[in-house]
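The values are calculated or read from the model by the stated rules, or taken from the named source; none is laboratory data. As the structure is a computational prediction, the values presented were derived from the model and not from experiment. Virtual Cβ from ideal backbone geometry, glycine too; neighbours counted across all protein chains shown. Accessible surface areas use protein heavy atoms only, side chains included; no ligands, DNA or RNA. Shrake-Rupley method; radii C 1.70, N 1.55, O 1.52, S 1.80 Å.
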Amino acid sequence: MKDIIEKEAEKILLEGYEKYYRLAYSYMGNEADALDAVQESALKVIRECGKVKEKSYLGTWIYRIVINTCLDMLRKRKKETIGIDKADPKVQGDYNLDDPMELLQSLEEPDKTIVKLKIFEELKLSEIGEILNMNVNTVKARLYRAFKKLRVELEFHNADGKERR
């Protein structure tokens with residue numbers, strides 16, 4: 001059974017490489033870090049796939065591995081950049097409205113993950129619930145709350161990026 005799961009995990013990794021890369025890129029923000037995250041995730045999947053009991057769970061399990069790997073890398077990056085300049089506009093919550101990925105940074109986890117999986121990966125709410133081990137209604141509530149927060153952020157700024165309260 002273990003060999004079957006290992007072969008299936010390898011197949012899913014190869015077939016889904018593009019979507020895992022896109023997901024990693026949405027977290028990491030650049031090609032090099034996204035590639036590192038996918039590579040690290042693939043190593044974890046190959047090393048740990050024997051722990052998965054059901055072959056049908058592999059797809060959602062791999063998504064979870066990619067997400068957690070990205071979050072771990074971002075936490076590590078954050079620890080390394082503790083001395084960040086407080087005058088940096090990104091730190092103060094000023095977002096470049098031309099870049100939706102920057103605006104997504106205003107969301108907390110797991111809301112950010114839910115939005116990314118829904119919008120960029122076009123997954124169903126039930127699939128997101130499986131990946132994040134959440135009830136579908138919880139996923140739906142968090143998604144709509146995140147959309148509302150993003151809408152408020154967008155309304156807070158006018159077309160040239162200045163605040164308009």
Summed side-chain charge close to Ile4 - residues other than Ile4 whose Cβ falls under 15 Å, Lys, Arg +1, Asp, Glu -1: +1
Contour minus Cα-Cα distance for Glu54 and Lys7 (0.36 nm per residue): 15.6 nm
17 Å Cα-Cα reach of Lys124 towards lysines, excluding residues that sit fewer than 8 places from it in its own chain: Lys19, Lys112, Lys116, Lys140
Sequence of Glu102, Glu6, Glu122 from largest to smallest accessible area, 1.4 Å probe: Glu122, Glu6, Glu102
Mean Cβ count within 10 Å, highest first, over the residues of peptides 46-57, 137-148: 137-148, 46-57
Computed label-point distance, nm, for sites Arg145 and Ile46 using a 7 Å Cα→Cβ extension: 4.0
At R0 = 41 Å, FRET efficiency that the Cβ-Cβ distance of Lys124 and Arg77 yields, to 0.05: 0.85
